[in-house]
Amino acid sequence: MSTFQCVLTACAVALAAMSPAVSIAQGQSATPDANPNQLEEVIVTATKRAERLQDIPVSVTALSSDVLQRDNVRELGDLVNLSPGLVVGYGSQPGNFSISMRGIGTFSNGIAVESDVAVVVDDVPIGFQAAAFRDLIDVERVEVLRGPQSTLFGKSAIAGVINIATSPPTHELSGKAMAFTTDDHEQRVGFTVSGPLSETVRARLTVADSEFDGLIKNLTTGERVGGSSGLTATAKIEWTPTENLTLSFAPRFNKNDSTCCVSPITSLTPGLFYQGEPGFPASTVLAGIPIGPDNHFIRNDTRPSGGDSKLFGGTARIDYDFSADSALKGHTFSSITSADRWEMLDYQDIDGTDSPFLLGFPVANPSGINSGAKIVGSFHADSQTQELRLTSPGDGRLRYIGGLWYARNDLDRYLDRGPVLQLSRYLAVSTNTNYAAYAQATYDLTPKLSLTGGARFNRQEIDYIYERYTVTPNLHLSGADEENSTTTKVALQYEWTPDVMTFVTYSSGYKGQAYDLVSTFDARSAAQMPVPHETAKNYELGIKTMLFDRRVYLNATLFNADFHGFQTSVTSFLPDGTFLTFLNSVGQLRTRGLELDGAARLTPHFSLNGSFAYTDATVVEFPNGPCYAGQTLAQGCFVDATNSRVQNLAGEPLNNVPKYKLNLGGEYSHTLPGSSWEGVLGFAYRWQDDVNFSLSQDPRTIQKAYGIADLSLGVNDSDGRYKVSVFAKNLFDKRYAQGIGNGTSGFSGVPGAVGSTWGVPRAAWRYLGARIDVSF
């Protein structure tokens, strides 16, 4: 065995990950004479055609349905445990959740700001990213594509793509059901039925229901918050009237009620008063709340922050395979049409107390209103897409794909904040329309050397109307803009052996112009709009290997990307505790690093998997970046020409980006003596280093490095019809935060007072659970 092979083997074993992702994404069944020690083949559609993962010059983590089930993945936020380069950011309500890849991701409260990471389900991108945060059910595979993917996936894929494929109808009657419960009161149930309705028609129906009250106790009502409940139903009807033609229709529905976005106080200077009112001391307002790093108690007299959403939609698809006597023999023409409506009612108890402090607020001229302060509002997003695509045969020397694309998103946001504190009431309406033409081709220059090239021409049209009702006369603003852009991709790959391939890739990315339609929007802001587009240039060098008779898998990618005009909202807390965001265009960012994915099947019954990401994401140019609360002139903060407190953030790391992130894990199975049942032991460990949740480099919003271990034990029958498992999440009860805020939450009265809050993740405390799966 060579030294090189020894090193690769050691890496694959050491990188055994919680994301057994890399073991199989869409595995073909092993043939009877297949080596039981071999890893199963991985087929992905990252290039919009089915190809071996090891054959494409793209950095991809592939997660199979077995992996998602084994790790009890429910929603997008769970995927960060399986893909190190992926990060989810949580805001004050579900409408401003964000997804980042390699450190790049837009956070914004505004509806007219696109995402940096596209979420695509069955070839249809989700128009408004908040609508992607729903239960994932009946998923066949998830592909996490890292780096700019604008050429094939469009302008919302400048940092990457989460490509989700759901299961198709089966040709034989089949079904499955599952039940899931935990000792902290999470429950899930679901079922799928699939099979033929006639010789040419097949159908599939999946329904799932989930409920989790949360980990935070509201002392005012006695209820638990910080969780969510959801009902999801999907269906697929597939008709093949001829052997060359397939028509399908896939309706979908989701209802989700979430109390996701409450941040308990973890520290607060003693002796403070809410909004400075002597009648509302913190000792009374926060009575019974054990302020400290583990605090999970609050007092809210209105509904805690969250949102209730619904989604209705469907996809219609036509696939036509040209016959052998056609000039387009072997080609496939596809038409993919979709329409979705997502709506959400959101609510926030913005004072975070159950005290009627408005009786004495403002202190100089009390309102006398017997209540606290709150936000109520709504989101609506109507999305329509149409794609026409031609795909060449996959076995020729020249392989290509090309298409035309149309998408329209009609969005509106209504917000009512008050009735006194930071009063704001507005309606924002925005429409963005996108037209595109794209093509990508791969040509085998030699049997081992291949060249891939692609381009996308994109036209975006965007407009808005903004009405504010808290001024006299009402503020009315409107605007529109349009822009053309072109993105490209070039890749060269060399196949040293059938199991070792290297590649070098250049790709560019584009994200469209934006309007910052939030409560602070005014005539001055409008005059500076739209925020310019965002662009990226990305370079990658990678190797993909299958070693030792395909018993070991190891992929590695080095990347370097520059982003210009990066759009992100900077968050701030006003002295009264109000949370605000302001959209910024950062001059230049740079992200570079190393990604590893590996797996090893040591015996037919023992496998290891792993993944690692080193991400160095830094600000190159941002001379007027935000200061953090309490930052002094000596700490780099200064007042600019507009009388704003700013600092030069050049050279500083991006927020919410761990530099090192590692997933380790494995599975061992063994036939139980004297039975046809198989016992399965699984383990997983994930670790990340320090991360700052604030772009302003606030020293009080740093999450220290931590590691989380999970353990599972189960039994399966020999036919795979019955699976029973028990598990422990966060086995060693390690505390960590999904967000940290620096502020006194509206309390004041002592000079230099400080305070902090934390976002409580699902696995902040150890919990135990059990799951049963039955199939036929």
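Brief remarks follow.
- Part-to-part distance (alpha-carbon centres) for region 547-563 and region 126-190, which is given in Å: 24 Å
- Fully extending the segment from residue 253 to residue 502 would add 85.4 nm, taking 0.36 nm per residue of separation and subtracting the current Cα-Cα distance.
- When peptides 681-689, 636-644 are ranked by their average number of other Cβ atoms within 10 Å per residue, the highest-first order is 681-689, 636-644.
- The overall shape of region 448-568, judged from the alpha-carbon gyration tensor, is prolate: a/c is not under 1.5, and a/b is greater than b/c.
- Based on Cα contacts under 8 Å between residues 6+ apart, the chain shows a relative contact order of 14 percent.
- At R0 = 35 Å, FRET efficiency that the Cβ-Cβ distance of residue 718 and residue 171 yields, to 0.05: 0.90
- For region 127-134, backbone phi angles converted through the Karplus equation (6.51, -1.76, 1.60; θ = phi - 60°) give residue-by-residue couplings of x, 10, 4, 4, 5, 7, 8, 9 Hz, Gly and Pro being listed as x.
- Phi angles across region 89-103 convert, under the Karplus curve 6.51 cos²θ - 1.76 cosθ + 1.60 with θ = phi - 60°, into 3J(HN,Hα) values of x, 10, x, 7, 7, x, x, 10, 5, 9, 10, 10, 10, 6, x Hz, Gly and Pro given as x.
- For 537, 544, order by how many other beta-carbon atoms lie within 10 Å, fewest first: 537, 544
- From phi via Karplus (6.51, -1.76, 1.60), per-residue ³J(HN,Hα) for region 277-284 in Hz, x at Gly/Pro: 7, x, x, 10, x, 4, 4, 8
- Span from the region 203-241 Cα centroid across to the region 709-744 one, whole angstrom: 19 Å
- Over all other residues within a Cβ to Cβ distance under 13 Å of residue 522, the charged ones net out to 0, with Lys and Arg as +1 and Asp and Glu as -1.
- Rounded to 10°, Cα long-axis angle of helix 3-14 versus longest principal axis of the chain: 50 degrees
- The spacing between region 292-324 and region 471-523, judged by their C-alpha centroids, is 23 Å.
- Lys/Arg +1, Asp/Glu -1 at C-beta; the chain dipole; positive extreme among 222, 614, 315: 614
- Cβ-to-Cβ counts within 10 Å put 646, 189 in ascending order as 189, 646, the fewest first.
- Per residue, the average separation of C-alpha pairs within less than 8 Å and at least 6 apart gives region 162-224 a relative contact order of 28 percent.
- Rounded, prolate or oblate (a/c below 1.5 giving rounded, otherwise prolate when a/b exceeds b/c) for region 102-229 by Cα gyration tensor: oblate
- As a ratio to 2.2 N^0.38 Å, the alpha-carbon radius of gyration for the chain is 0.96.
- Antiparallel bridges, percent of DSSP beta bridges restricted to region 108-196 (to nearest 5): 75 percent
- Region 656-775: C-alpha gyration tensor shape, a/c 1.5 cut-off, then a/b vs b/c: prolate
- Footprinting exposure proxy for 350, 99, 772 (fewest neighbouring C-beta atoms within 10 Å first): 772, 350, 99
Computed from the coordinates by the stated procedures, all read-outs in this text should not be read as laboratory data. As the structure is a prediction and not an experimental result, all values here were calculated from the model. Cβ: placed from backbone, ideal geometry, glycine included. Neighbour counts: every protein chain shown.
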